[in-house]
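S.K.: A single structure is presented below for examination.
What follows draws every value from the coordinates through simple rules; no lab data is involved. Because the structure is a prediction, the values reported are computed rather than measured. All Cβ positions, even for glycine, are placed from backbone atoms using ideal geometry, and neighbour counts span all protein chains on display.
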Amino acid sequence: MNFSGMLLDSDVLAEIRKADPDPAVVAFLRRRSFRHMYISVLSIGELKGLYPYPETDRWITELLERFGDHVINVDARVSLEWAGRQAPRGVHTVGRDDAGPLAYRRPGGSDGGERECL
């Protein structure tokens, strides 16, 4: 199976589930075609562990139904292909003072640049 599109991380899924999600995240996703978005079984497991509430099961069921054939099962081949991809130096902001809620920087960040990274 050949996948081409965007893999939504569990942070993104959790953000759009909020009552008041970050407008930048919503706008970013609206500019993309739904047919090119995927979720991973690893994100599903992570969400189940992070949100141990009764409504989480309904949410996960909804995600699995909504994404259908766009739920990626991760095996050794997929993980090794993913590991072979490298982001440009300086893109990752996790743990830095200028990190946004989903590890993206808004215009006017500490480096003055504008990035759209989720």
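S.K.: Hand me the trypsin sites (Lys or Arg not before Pro) from region 22-59 located in a DSSP loop with no more than 15 other Cβ atoms within 10 Å, in residue order please.
M.R.: Sites meeting the loop and neighbour criteria: R31, R32.
S.K.: In addition: For region 52-69, what does the Karplus curve 6.51 cos²θ - 1.76 cosθ + 1.60, with θ = phi - 60°, yield as ³J(HN,Hα) per residue in whole Hz, taken in order and with x for Gly and Pro?
M.R.: Along region 52-69, the couplings run x, 10, x, 5, 5, 4, 5, 4, 5, 4, 4, 4, 5, 5, 5, 8, x, 6 Hz.
S.K.: To continue, here is another question. Kindly put S79, S43 in sequence by how many other C-beta atoms sit within 10 Å of each C-beta, fewest to most. Before the final figure, lay out the partial values.
M.R.: Working: S79 11, S43 23.
Result, fewest neighbours first: S79, S43.
S.K.: Gain in length, V26 to L42, computed as 0.36 nm per residue apart minus the alpha-carbon separation, to one decimal in nm? Could the numbers behind the result be given before it?
M.R.: Values: separation 16, 0.36 × 16 = 5.76 nm, distance 2.22 nm.
Fully extending the segment from V26 to L42 adds 3.5 nm.
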